[in-house]
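Okay, structure first, notes after.
The values are calculated or read from the model by the stated rules, or taken from the named source; none is laboratory data. Because the structure is a prediction, the values reported are computed rather than measured. Quick note on the areas: whole protein, heavy atoms, side chains included, nothing else; ligands and nucleic acids left out. Shrake-Rupley method; radii C 1.70, N 1.55, O 1.52, S 1.80 Å.
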Amino acid sequence: MLRDDNVIFRFVGPMGVPVEIGQSLGLLIALIVLLSQGISVGSLIFAALLVTTIFLHELGHAWGCKVQGVPVRRIMLHGGGGFCEHARSAGPREEELIVAMGPLVNLALWAIASLAQWMMQDMLQATTAPIFFQIYGYLGLFALLNLAFFIFNMIPVQPLDGGKLCHLFFLRVLAPGAAHRLTGLIGLVLSILWIPAAVLAWMSMGWILFFIPSIRAHYRMARGELA
């Protein structure tokens, strides 16, 4: 649904990759501001850090394409996240690197931001300037966002990267049909458990999980049908 979002802005990103911004990305930013109880510098910076996290994640996928000679048609950013679309089908071995690079970029950004925050600790003891404390806090927030994005994307359900990597791993050790069914079965179990987990997250921490994996699609995969 969001993959076919109305494009409101286009530009050429790093590596010459076309980037498109979907209309629903504005709705996501508006929702963040609404949940933050109004427009503020903090809510806008949080939205910017979140969009940057998603964008760099998709650039990781694009890099995985580029180094293997797989042309990238576009990166699309929308209210549900984003995707990197390549112009030709990639083989299983090519897909392994393409899919893995998104989460690995987030993991690397978490490490870099955490290291930068740690290096600022001595500076904070020698100054009272509020700007340095704000930078310190936003570095921690950026690190946390990237770690959360990495963990979330590694959950083995479709269409997250974890689900794709799970399928690609099983293709290495099982026949294609068996790999397809086993991936679907794992995703089906997690999709069913996702609903009480989402309710628990809302009741205990106030988190809203907007993404819900499709039970029907995973059921079809577990039966050996195309998802």
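Percent of accessible area on the stretch 1-118 owned by carbon and sulfur, 1.4 Å probe? Display every interim value, and only then the final one.
Working: 4040 of 6030 Å².
Ligands and nucleic acids excluded, carbon and sulfur give 67 percent.
Please list, ordered by chain and number, the residues whose modelled amide H lies under 5 Å from the amide H of Val72; skip anything fewer than 5 residues away on the same chain.
Ala87
Which values, in whole Å and largest first, are the semi-axes of the equivalent ellipsoid of the stretch 7-131 obtained as the square root of 5 times each eigenvalue of the Cα gyration tensor?
Details: eigenvalues 190, 92, 24 Å².
Taking √(5λ) for each eigenvalue gives 31, 21, 11 Å, largest first.
Could you run the Debye sum over the Cα atoms of the chain, one equal point scatterer each and no solvent, and tell me log10 of I(q)/I(0) at q = 0.18 Å⁻¹, two decimals?
-1.47
Determine the gain in length on full extension of the stretch Met123-Arg172; use 0.36 nm per residue of separation and subtract their C-alpha separation, reporting nm with one decimal.
Details: separation 49, 0.36 × 49 = 17.64 nm, distance 4.94 nm.
Separation in residues times 0.36 nm, less the Cα-Cα distance, equals 12.7 nm.
Could you state the accessible area per residue of the chain in Å², with a 1.4 Å probe and every protein chain left in place?
On the way: 12830 Å² over 227 residues.
Per-residue accessible area for the chain comes out at 57 Å².
Using only DSSP helix segments of four residues or longer, with each worth -39500 (n - 2.57), what per-residue ellipticity at 222 nm results for the chain after dividing by its residue count and rounding to 500? Intermediate values should be presented prior to the final figure.
Values: 8 runs with 147 residues, N = 227.
Helix-only estimate at 222 nm: -22000 deg cm²/dmol.
Give the carbon-plus-sulfur fraction of the accessible surface of the stretch 180-221 in %, rounded to a whole number; probe 1.4 Å, heavy atoms of protein chains only. Don't skip to the end; give the middle numbers.
On the way: 2160 of 2800 Å².
Of all accessible area on the stretch 180-221, carbon and sulfur atoms account for 77 percent.
For a quick size check, give me the Cα extents of the stretch 116-227 along its three principal axes, largest first, whole Å.
Principal extents (largest minus smallest coordinate, Cα): 62, 35, 15 Å.
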